[in-house]
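Some notes on the structure that comes next.
The values are calculated or read from the model by the stated rules, or taken from the named source; none is laboratory data. Treat the numbers as computed from the prediction; the structure is a model and nothing was measured. When we count neighbours, we look across all protein chains shown, and the Cβ atoms used for this are built from the backbone with ideal geometry, even at glycine. Note: accessible area is taken over every heavy atom of the protein model, side chains too, but ligands, DNA and RNA are not part of it. Shrake-Rupley method; radii C 1.70, N 1.55, O 1.52, S 1.80 Å.
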4 protein chains.
Amino acid sequence: MKAVRLHQYDERPRVEDIAEPEVTGPFDVIVRIGGAGLCRTDLHIIEGQWAEKSGVELPYVLGHENAGWVSAVGSAVTNVDVGDTVIVHPLITCGLCRACRDGNDMHCENGAFPGIDSDGGFAEYLKTGARSVVKLDASLAPADVAALADAGLTAYHAAKKAASLLYPGTRAVVIGAGGLGHIGIQSLRALTPAQLIVVDRSEQALKLAEECGAHQTVVADGTQVDQVLERTGGHGAEVVVDFVGEGGALEDAVKMLCRAGSHFVIGYGGTVQVSAIDIISTEINVVGNLVGTYNDLAELMTLAAEGQVTLHTQTYPLRAVNDAIDDLDHGRVQGRGILIPEGAA
Amino acid sequence: MKAVRLHQYDERPRVEDIAEPEVTGPFDVIVRIGGAGLCRTDLHIIEGQWAEKSGVELPYVLGHENAGWVSAVGSAVTNVDVGDTVIVHPLITCGLCRACRDGNDMHCENGAFPGIDSDGGFAEYLKTGARSVVKLDASLAPADVAALADAGLTAYHAAKKAASLLYPGTRAVVIGAGGLGHIGIQSLRALTPAQLIVVDRSEQALKLAEECGAHQTVVADGTQVDQVLERTGGHGAEVVVDFVGEGGALEDAVKMLCRAGSHFVIGYGGTVQVSAIDIISTEINVVGNLVGTYNDLAELMTLAAEGQVTLHTQTYPLRAVNDAIDDLDHGRVQGRGILIPEGAA
Amino acid sequence: MKAVRLHQYDERPRVEDIAEPEVTGPFDVIVRIGGAGLCRTDLHIIEGQWAEKSGVELPYVLGHENAGWVSAVGSAVTNVDVGDTVIVHPLITCGLCRACRDGNDMHCENGAFPGIDSDGGFAEYLKTGARSVVKLDASLAPADVAALADAGLTAYHAAKKAASLLYPGTRAVVIGAGGLGHIGIQSLRALTPAQLIVVDRSEQALKLAEECGAHQTVVADGTQVDQVLERTGGHGAEVVVDFVGEGGALEDAVKMLCRAGSHFVIGYGGTVQVSAIDIISTEINVVGNLVGTYNDLAELMTLAAEGQVTLHTQTYPLRAVNDAIDDLDHGRVQGRGILIPEGAA
Amino acid sequence: MKAVRLHQYDERPRVEDIAEPEVTGPFDVIVRIGGAGLCRTDLHIIEGQWAEKSGVELPYVLGHENAGWVSAVGSAVTNVDVGDTVIVHPLITCGLCRACRDGNDMHCENGAFPGIDSDGGFAEYLKTGARSVVKLDASLAPADVAALADAGLTAYHAAKKAASLLYPGTRAVVIGAGGLGHIGIQSLRALTPAQLIVVDRSEQALKLAEECGAHQTVVADGTQVDQVLERTGGHGAEVVVDFVGEGGALEDAVKMLCRAGSHFVIGYGGTVQVSAIDIISTEINVVGNLVGTYNDLAELMTLAAEGQVTLHTQTYPLRAVNDAIDDLDHGRVQGRGILIPEGAA
């Protein structure tokens, strides 16, 4: 089959012919890929930033945001049949450790992460597990939702955690209205009655934020903290959901909080740095956020089927992966880039 | 009456005669002091560290950990009678703002803090409000519990927040087995089934920790992180309750956490500094903690009356306040120093 | 002032001149009534059904759903000024008992309930307390929101409790789309992403339900349980919010639940009757619901100001109270009947 | 192997030789039984009360509370090895449905229940699944903990749900200090700081309750409701955990509740019957309780290994099953009867 493999860090991945994955274990599921999201993390992988963390052996197939159709299943798989349309949770989990038994798939002690530490979905076929496939509503096409598998799932997960703090009259600030942020905004609108104030440097991103349901937008021109404080009557916001995590966003987030407020960290790059006295005297929280659970993904698919969460995408044939990478690297992608194997539909 | 007033920052407070406080509002309560805790915060106040934050006008009466007997009440007070034995919540709150209406007294938008920003309890009489007095069980004497009013309440509050994360088989690390820490240990034992691992530099403090119910103790000799990891099977602890907050404790705390673990910050002095990628890739939380609610104080008094929480104290006559301060400053106080006005019993 | 007083059970209340209420305590607030909701409970009071429970002495002024303008305040009132537009929480609470300190105003150990056990708001002026008044947004008129003070507050409170169980893909059945039900539907829409299935005998009520945001409606023609099961894929609903509570609704509710589902009881008249083996083998819950908290009322006013919750009302001059009662008794009121004192605006 | 099979309802089960179970699926686990608890449910099964619900085909092997040693595993089992000591969660679950993914094993949509609807553990060997085995601490012997697998797990599960409502100063009433009740008492002591008031008809059971940690005991002589109200200052208890569920216990439970209290139903036989107005005017809850989750069982094993929960047992050789049944039926068993296959140790 055609697949996009990385052979050397800091080199372009190659489109080449490799053997199709096969069912070898009772819980294996092979998915014919209908769409695979290209993510900034893929650029970081190519640059070698994840080499040590993932420990993956080159060459391997990239692609960790996948959706498609089940093409083969292991002997013990009972939840999907060949032909089912599915989105793929990014982790393959054991189902047996404490975290899995609590539904916290992303903390599985024995998980694998195709596209990061093993062959992923920039290919015609992907091997995953029965615990990782969510059946899609007939209204949803794989290429339209693939990027919700990781980026969207992370945004939804944070929104869901924040939702328990948000009641009518509260304010949630969203920093960053990009790929994750615009899913976060839609998820917050679907899950909470809070007023949403979205902060971004780009006026275009803020327009998208408004379409996604932002109640107010603030251009991050250096006055964003003051503007948020002013729009919250000087109190600050109960929740700040930070999809940027660098370049001043982490500092801004803390300054935008009200007493007992919570800073949800999703973006990364920078360092959280707050004096303990400031943390305790206002009793604020800093909350880490990882990709969501399997159930989170199923819920997000419900919102997608209901039309409450939609993705802006730009599709590329799988063989044009390096064009897509160039476009992403140069800021030319509108929404998320999706790779589609030839013949998939 | 006799009272201990601060006239100048960086000077010793003076014991002098001032007018007794009087009921002027319908919700006022005057408490005849039976005991008032001396706290490291009092030293910081004297040094002027709180001058700007509190905005208090000198001279004023110190003392924010108070217990005694009701000696007079305003016209609208219905919850206590003259003669009742009470402990005093450190804040005087409005009862009308959203925080008060949710029970979060410490976030009252209109609160006063006697001993910090107005006249406190190093005196024969203290003026507080009806919303701040908790009636004591007959078995409890004011001098024995006074220091639970602020230090103990803070420790209990953090323990209670942590308790919701602690089930059989989880581990809570307590950093610092001093004044707050030893109440924290007792509170965690009363509220949770978790295994408690207590870390402190002092072997004597660790002995006290064991008496308070610690399951394991670790000398903070530079190997404490490794020791905690080893004792948790390499996983780290679900909860770290940090009563130190400086001198490496904040860094240690994060390293001692398991995935999805929570670092409760109570001590202060240092700066929390964690890269965003470390926060998100393990999905950890940093949780600020302030003094507890009124209901927290009532619950802590229940534990005290049941003998589940006890304080080690060393008493001084009120007039010997400067001896007590010297002893505290030079590490000569066993447990908490308590000032007792002459004639109080 | 003009007021509507009940002199004898089972007799019509009389419109008569009585003395205006006056400030006597430091926390008293006098409200000039702009609108007071007429409720089925008022009919029950007149019939004497509440005589024993309330213990009220006749004659007294009816009316427990009130809104208007502050006309006088006690010496210690700090949260409202004369002239402020307010809605009135139905209880006058002490602010000092455990329930009040936890925000659970409706469980105050020392509460009074004007219109039930003391003089209410079918009058030109009402005496309440500082803890009972919520300031209104400039966009809201007292007569438009008065009925949210009790009926609406009860519906919102139940919806908020249910919301924690409702995530995308869950189903909430609302039984009864009348006065409370239509607020419940709007509240559930504002607070949750659940699919709402509304059951009522009246097609007209179901039309209103759809306008309020119901996703599906079911005519209660005897097949309603089967229809709900069919529409939930045979599983039943995670939540049933029962605004009827008699005439078979309680039995239906339990049959409509999925495993681990929750039956929220708001309406009354009948008896919950479920064999223990049915309760445990499916692990279902029966959840009682009373009027909401002060904070609930503030949140509901936020939703009202945002236009997310609106009431259908039909106004009457205060002097026409008995016409309003007749209309209510004979099912001729569209939405809620609101009494307006002459000259109020 | 030797096994105890039921051939006809209302006849004694027979000890006979049948084929050993074998691994046929990748996730199968065969357990050599070290002990199997005999439960009142077994009597009900023999009487045919479960015939319709379980749909089991006769003859089949009884026994749903099992512990022992792993003797064989399927190809995909990774969490236990042959020779491991294990306790067996009563359900075999799919791991794929929403309930399983949330950790709610007992609501698995595809579960089997050995001993109820398929061959159980009154035998030398039992076939279960990888998701059902919890490894035991070296200090625990199968025969000592077997009865915790179902009866104990149910009691622990209810205690854990109740724990979130219980803070210092609250009261939990336990009705019934028998097989489940005495585990419930120990679990409540381990998990909560509440005062425990235990109600039972038998003075001997109340003695056991005291040994298990009850703070107060009440003989159920007809005055039990009044006694509980008196011991709770007239308020009633925040929580009633009802292990009886018939013969007046259900009615008592509701009368013993304080406002906003919760009645946890575990025992069955009777019918919950409360007028809706009583449910809403006090805002009480009725909470169904089923057997616990896998994680609950793991936590309970932690408490058992710590010595915080211990079972009183009386052992019988497997071949003496009918003696054990007679003893249970005639109230001659002290604690729980445990069947032990010959040669197991």
Among the residues of the stretch D:245-260, is there at least one that is β-branched (Val, Ile, Thr) and under 30 Å from D:Pro90 (Cα atoms)? no
Tell me, yes or no, whether the stretch A:267-290 has at least one residue that is within 15 Å of the chain's Cα centre (by Cα), open to solvent by less than 10 Å² (accessible area, probe 1.4 Å) and more than 19 Å from A:Val199 (Cβ to Cβ). yes
When the stretch B:253-266 is examined, which residues are found to be open to solvent by less than 30 Å² (accessible area, probe 1.4 Å), closer than 30 Å to B:Asp150 by Cβ and more than 7 Å from chain A (Cβ to nearest Cβ)? B:Ala253, B:Met256, B:Leu257, B:Gly261, B:Ser262, B:His263, B:Phe264
Residues located in the stretch C:277-300, provided they are touching a residue at least 40 places away in the same chain (Cβ under 8 Å) and facing chain D (nearest Cβ under 7 Å): C:Val287, C:Asn289, C:Leu290
Does A:Val61 meet the test of being in contact (Cβ under 8 Å) with a residue 12 or more places away in the chain, closer than 24 Å to A:His312 by Cβ and more than 14 Å from chain D (Cβ to nearest Cβ)? no
Given A:Ala155, A:Ala151, A:Ala159, which one is closer than 19 Å to A:Leu300 by Cβ, at pLDDT below 95 and open to solvent by less than 10 Å² (accessible area, probe 1.4 Å)? A:Ala151
Based on what the data block shows, is D:Leu148 within 14 Å of chain B (Cβ to nearest Cβ), over 17 Å from D:His312 (Cβ atoms) and not basic (Lys, Arg)? no
If you scan the stretch B:327-343, which residues turn out to be open to solvent by less than 60 Å² (accessible area, probe 1.4 Å) and either in contact with a helix residue (DSSP H, G or I) (Cβ under 8 Å, 6 or more places away or on another chain) or among the polar types (S, T, N, Q) (or both)? B:Leu328, B:Val333, B:Gly335, B:Arg336, B:Gly337, B:Ile338, B:Leu339, B:Ile340, B:Pro341
Of the residues in the stretch D:39-64, how many are touching a Lys or Arg at 6+ places or on another chain (Cβ under 8 Å) and open to solvent by less than 10 Å² (accessible area, probe 1.4 Å)? 3
Anything in the stretch D:95-133 that is open to solvent by 20 Å² or more (accessible area, probe 1.4 Å), within 14 Å of chain A (Cβ to nearest Cβ), assigned to a loop (DSSP other than H, G, I, E, B) and touching a residue at least 24 places away in the same chain (Cβ under 8 Å)? List them, or say none. D:Asn104
Residue tally, condition assigned to a helix (DSSP H, G or I) and closer than 23 Å to A:Thr282 by Cα, over the stretch A:192-235: 8
Note on the stretch C:151-171: residues within 11 Å of chain A (Cβ to nearest Cβ) and among the β-branched types (Val, Ile, Thr) are C:Thr170
Which condition number in (1) open to solvent by 10 Å² or more (accessible area, probe 1.4 Å); (2) within 13 Å of chain A (Cβ to nearest Cβ); (3) over 24 Å from D:Val274 (Cβ atoms); (4) of a type in the set (A, V, I, L, M, F, W, C) is the one that C:Ala205 fails? (2)
Regarding C:Pro21, is this residue part of a loop (DSSP other than H, G, I, E, B), open to solvent by less than 10 Å² (accessible area, probe 1.4 Å) and not small (Gly, Ala, Ser)? no
Being outside any strand (DSSP E or B) and without any contact (Cβ under 8 Å) to a residue 24 or more places away in the chain is the filter here; which residues of the stretch A:236-274 pass it? A:Gly247, A:Gly248, A:Leu250, A:Glu251, A:Tyr268
The condition of being out of contact with any Asp or Glu (no Cβ under 9 Å at 6 or more places or on another chain), surrounded by fewer than 19 Cβ atoms within 10 Å (Cβ to Cβ) and closer than 21 Å to B:Ala190 by Cβ holds, among D:Gly213, D:Gly234, only for D:Gly213
Which residues, taken from the stretch C:237-251, are surrounded by fewer than 22 Cβ atoms within 10 Å (Cβ to Cβ) and touching a strand residue (DSSP E or B) at 6+ places or on another chain (Cβ under 8 Å)? C:Glu251
Can you tell me which of (1) surrounded by 17 or more Cβ atoms within 10 Å (Cβ to Cβ); (2) without any contact (Cβ under 8 Å) to a residue 60 or more places away in the chain is the one C:Asp10 doesn't meet? (1)
Subset of the stretch A:139-166 [out of contact with any strand residue (DSSP E or B) (no Cβ under 9 Å at 6 or more places or on another chain) and outside any helix (DSSP H, G or I)]: A:Ser139, A:Ser164
Sort out which residues of the stretch A:78-90 are touching a residue at least 24 places away in the same chain (Cβ under 8 Å), open to solvent by 20 Å² or more (accessible area, probe 1.4 Å) and either in a loop (DSSP other than H, G, I, E, B) or within 8 Å of chain D (Cβ to nearest Cβ) (or both), and write them in order of number. A:Thr78, A:Asn79, A:Asp84
Do we have A:Leu290 as closer than 17 Å to A:Leu180 by Cβ, aliphatic (A, V, I, L, M) and in a helix (DSSP H, G or I) here? no
Assess whether C:Asn104 counts as being closer than 20 Å to C:Asn289 by Cα, among the polar types (S, T, N, Q) and either modelled with pLDDT of 95 or more or over 17 Å from the mean Cα position of the chain (by Cα) (or both). yes
Give the number of residues within the stretch C:169-191 that are open to solvent by less than 10 Å² (accessible area, probe 1.4 Å) and assigned to a strand (DSSP E or B). 3
Single residue of the stretch D:301-321 satisfying the filter (touching an Asp or Glu at 6+ places or on another chain (Cβ under 8 Å) and in a strand (DSSP E or B)) that is nearest to the other protein chains (Cβ to nearest Cβ): D:Thr313
If A:Ala324 meets every condition in (1) away from every other protein chain (no Cβ under 14 Å); (2) assigned to a loop (DSSP other than H, G, I, E, B); (3) open to solvent by less than 20 Å² (accessible area, probe 1.4 Å) apart from one, which number is that one? (2)
